[in-house]
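> Got a structure for you, written out below as structure tokens; questions coming shortly.
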Amino acid sequence: MSRNWMIAAVVIVVLIVAGVMLTRPQQPATTPESTPSTPTSTESAVPTSATEGAMMAEETVVKITAAGFSPKDITIKAGGTVTWTNSDSVVHAVNSAVHPTHQVYSPLNLGNIQAGGKAALTFPDPGTYKYHDHLNPSLTGSVVVE
Ligand SMILES: [Cu+2]
């Protein structure tokens, strides 16, 4: 009898092991857990957005003096921001080409900038953007967005 019990016990253990083996495959079915390893690739995508954040943070300053814009021509990356600071003692302006209609790139019509004041614009799209001081049309500049 004890042998039969031993055999029964072995059979039960085998069934339990088999049951566990059958259950396990369901965990691999939870292989979507290996999908969380995909977030690993998502994490690698995070640095990308972080890079974009860095690009968004990029700011280039153009000084305005009686002599004009300095630097006159600048090159920035798409998503970069240009800030014009009026370092002169009189009002200046930033307006899109072409004087006097300013219709080439209307967002660039920042208008008058008081002495000591500043104005900024973010350029999301690549291109060449020409502008001038509408109050002193001979003062021109350009922003090249790569
Ligand atoms: Cu103008």
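All of the numbers you see were taken from the coordinates with simple rules; none came from a lab. Values in this document were obtained by computation on a predicted structure and should not be read as measured data. Neighbour counts are summed over all protein chains in view; Cβ atoms, including those assigned to glycine, are modelled from backbone coordinates with ideal geometry.
> Given a Förster radius of 25 Å and the C-beta distance between Thr81 and Thr101 as r, what FRET efficiency does 1/(1 + (r/R0)^6) yield to the nearest 0.05?
0.50
> Still on this structure, I have one more. May I ask you to compute the full-extension gain from Asn136 to Val61, defined as 0.36 nm times their residue separation minus their alpha-carbon distance, rounded to one decimal in nm?
Computed gain between Asn136 and Val61 is 25.0 nm.
> To continue, here is another question. Once you sort the root eigenvalues of the Cα gyration tensor of the stretch 56-145 as a ≥ b ≥ c, which label holds: rounded (a/c under 1.5), prolate (a/b larger than b/c) or oblate (the other case)?
It is oblate, given that a/c is not under 1.5 and a/b is not larger than b/c.
> Separation between the Asp73 and Gln114 pseudo-spin-labels, each 7 Å from Cα along Cα→Cβ, expressed in nm?
3.5 nm
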